[in-house]
Amino acid sequence: MAKQTTDIIEKSLHNLLNDPNFLPELKDDARDKAIHSLITILSTPNHIHKSYLRIARENGVIERIPAFRMQHNDTLGPYKGGIRFHESVNEAEVINLAALMTLKNALHEVPFGGGKGGVAINPREYSTKELYQICTKYVQYFNEILGPDKDIPAPDVGTSAREMDWMMSEYKSIHYGKPYLGSFTGKSVLNGGSLGRKEATGKGVYFTLRYLLHDYLQENHQQLAQSQTQQAAVALGCQNRPITLAVQGFGNVGSVTATEAYHCQYINNTIVAVSDRNVTLYNPDGLDVPALAKYAAANRGDLPFTKEQNVEAGIRAEILDREAVLYLDVDVLILAALEDQIRVDNVERVKSPIIVEGANAPIAGEADDTLAAKGTLVIPDILANAGGVIVSYFEWLQGRETQYYSESEVFEQLHCKMGKTMNKVYPLYFSSNKSLRQACFDHAIMRISTILYAQGKLF
Ligand code: GLU
């Protein structure tokens with residue numbers, strides 16, 4: 001597991017040691033031992049599943065592709081988390097992402113544990129038939145550990161409803177006659193998916209920012225104005241004035257987040273930059289995000305990256321390199337691409353006082369400390385990007401009842417659940433000098449730990 005995650009877990013447990021609400025029945029030595037056990041339990045995954053998928057390429061060549069399913073912790077319910085298809089997938093990364101799922105679900109009181117899957121391929125290099133083969137093989141290899149009450153995958157980087165439909169169908173064939181709708185979430189609506197699931201992560205990412213700057217800070221203005229924390233001042237400074245935003249990544253998360261920001265009626269946002277794997281597009285007067293989303297949808301998800309393509313898309317923007325998005329002088333930077341985008345070697349160049357993590361783990365450990373020391377307010381992944389798994393939970397429930405919610409019901413419930421979490425962690429953050437990430441970890445770990453104790457797992 002990444003040292004960064006283990007370090008924050010340890011810090012949370014040390015914070016909880018001195019919290020009178022944390023396992024009050026445990027005293028002195030028993031308390032120390034429980035903390036030690038919790039560090040051990042949460043720093044290691046319950047199960048590591050690894051295989052090589054044997055795939056016959058269309059050109060007749062056989063490939064053996066590394067594939068993983070990591071099950072970190074199931075204290076709160078069946079393992080839950082996406083499957084990513086990306087060439088950088090490796091064992092350590094998937095374990096870390098599984099741990100983040102455990103914490104994300106605990107933080108938002110979603111009744112699932114944490115898991116994650118990965119296949120080490122660049123999906124752009126495989127035909128539809130080959131991808132279908134990879135999906136069905138994945139389910140065949142891991143079918144015994146998956147299931148609606150065991151471990152429920154969902155889309156992640158490089159996968160979408162299409163892959164979940166294929167996988168669910170394979171699961172259904174293998175487990176003929178058994179419930180199967182809840183075996184995978186993020187399916188197409190046609191195949192039992194939930195309305196709003198596709199947009200849920202991006203909607204949730206923007207909602208955490210809007211809720212902070214508009215709803216929460218406006219309500220708590222008086223009290224926060226007296227707060228000494230630099231972060232409070234930063235956030236307060238952004239209130240009631242136009243906000244500039246830059247969005248890294250224009251996939252399913254980044255494009256929806258940017259679109260939400262563009263249409264927001266509560267905050268006067270100007271989206272000055274968006275980026276993807278090829279380019280950063282920059283316009284200090286604001287980009288036409290709907291036109292960009294339309295262009296990307298028609299062009300395999302890519303933003304226009306030449307002058308001609310920008311003209312064709314009707315976009316007026318400066319064309320910068322893809323990393324430039326990180327270093328712009330904007331109020332808010334939204335990281336919706338991949339992990340490790342802000343590291344020790346580039347953190348000093350990052351200027352935005354507020355960063356929102358749409359992707360999982362986009363800020364590497366030491367860089368995170370530097371940002372915290374600078375007073376940058378980071379809305380962390382486990383808080384900001386939980387919209388996906390929350391609506392996955394709604395999908396799983398709807399599949400059980402074969403009763404479906406309307407899109408507006410889904411978004412209303414999503415906002416309600418995320419709002420409830422933010423009402424717990426924002427006050428924790430503004431009343432202490434810990435980072436918002438630490439406040440979220442503390443809250444999630446308090447929940448897992450007390451449940452583990454009540455289940456008799458700590459002695
Ligand atoms: N892959 C998404 C995440 O990292 C969604 C997981 C899910 O819906 O289970 O949160």
Using θ = phi - 60° and the Karplus form 6.51 cos²θ - 1.76 cosθ + 1.60, what ³J(HN,Hα) does each residue of the range 51-58 get, whole Hz, x for Gly and Pro?
8, 10, 7, 8, 10, 9, 5, 5
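Given Lys129/Lys203; Lys80/Lys374; Lys3/Lys129; Lys104/Lys374; Lys11/Lys198, which pairs have Cα atoms separated by over 27 Å?
Lys129/Lys203; Lys80/Lys374; Lys3/Lys129; Lys11/Lys198
Could you order Ser406, Ser352 so the one with the most accessible surface comes first? Probe is 1.4 Å. Intermediate values should be presented prior to the final figure.
Working: Ser406 50, Ser352 5 Å².
Ranked list, largest accessible area first: Ser406, Ser352.
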Each residue of the range 188-201 in turn: what ³J(HN,Hα) in whole Hz from Karplus with 6.51, -1.76, 1.60 and θ = phi - 60°, glycine and Pro shown as x?
6, 4, 4, 9, x, x, 9, 4, x, 5, 4, 8, 4, 5
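What number, rounded to the nearest 500 deg cm²/dmol, is the helix-based mean residue ellipticity at 222 nm of the chain, given -39500 (n - 2.57) per DSSP H run of at least four residues and division by all its residues?
-14000 deg cm²/dmol
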Amide hydrogen neighbours beyond the local backbone of Val274, cut-off 5 Å, H modeled:
Val247, Leu281
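So, with a 1.4 angstrom probe, what is the percent of accessible area on the chain that is carbon and sulfur?
Roughly 50 percent of what the probe reaches on the chain is carbon or sulfur.
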Once you charge only the Cβ atoms, +1 for Lys and Arg and -1 for Asp and Glu, what is the size of the charge dipole of the range 350-401 about its Cα centre, to the nearest 20 debye?
160
Could you tell me which of Tyr262, Gln248, Leu26 has its Cα farthest along the dipole of the chain towards the positive end, charges placed at Cβ (Lys, Arg +1; Asp, Glu -1), taken about the Cα centre?
Leu26
Taking the convex hull of the alpha-carbon atoms of the range 281-393 and averaging its shadow over every direction gives an area in square nanometres of 8.0
Taking 0.36 nm per residue of separation between Lys129 and Ser432 and subtracting their Cα-Cα distance, the length gained on full extension comes to 103.7 nm
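Using a 10 Å cut-off on Cβ atoms, rank the peptides 408-415, 65-72 from the highest mean neighbour count down.
Result, highest mean first: 65-72, 408-415.
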Between Glu308 and Asn268, what FRET efficiency comes out of the Förster formula 1/(1 + (r/R0)^6) with R0 = 41 Å and r the beta carbon distance, rounded to 0.05?
0.80
Given a Förster distance of 30 Å, report the FRET efficiency between Asp215 and Glu318 from their Cβ-Cβ distance, rounded to the nearest 0.05.
0.35
Which one, Ser88, Ala56, Met70, projects farthest toward the positive side of the charge dipole computed for the range 14-101 from Cβ point charges (K/R +1, D/E -1)?
Ala56
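Which of the peptides 182-193, 380-391 is most tightly packed, and how do the rest follow, going by the mean number of other Cβ atoms within 10 Å of each residue?
380-391, 182-193
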Roughly how many Å² of Tyr393 are accessible to a 1.4 Å probe, to the nearest 10?
40
Apply the Karplus parameterisation 6.51 cos²θ - 1.76 cosθ + 1.60, with θ equal to phi minus 60°, to every residue of the range 365-379 and state each ³J(HN,Hα) to the nearest whole Hz, in sequence, with x for glycine and proline.
x, 5, 5, 5, 5, 4, 5, 4, 5, 6, x, 5, 8, 9, 7
Report the semi-axes of the equivalent ellipsoid for the range 358-459 in whole Å, largest first, where each axis is √(5λ) for an eigenvalue λ of the Cα gyration tensor.
29, 20, 13
For 88-95, 315-322, ranked highest to lowest by mean beta-carbon neighbours within 10 Å, the order is 88-95, 315-322
Please get the size of the charge dipole for the chain, origin at its Cα centre, with Cβ charges of +1 on Lys and Arg and -1 on Asp and Glu, quoted in debye to the nearest 20.
780
Please report the Cα spread of the range 125-191 along all three principal axes, rounded to whole Å, starting with the longest.
34, 24, 19
Run through every distinct alpha carbon pair of the chain and return the Kirkwood hydrodynamic radius in angstroms, one decimal place.
22.6
Computed over all unlike Cα pairs, the Kirkwood hydrodynamic radius of the range 202-356 in Å stands at 15.9
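The values are calculated or read from the model by the stated rules, or taken from the named source; none is laboratory data. Everything numeric in this text was worked out from a predicted model, so none of it was measured. A quick note on method: Cβ atoms are made from the backbone with ideal geometry, for glycine too, and the neighbour counts reach across all protein chains shown. Keep in mind that these areas ignore ligands, DNA and RNA; they rest on the heavy atoms of the full protein, side chains included. Shrake-Rupley method; radii C 1.70, N 1.55, O 1.52, S 1.80 Å.
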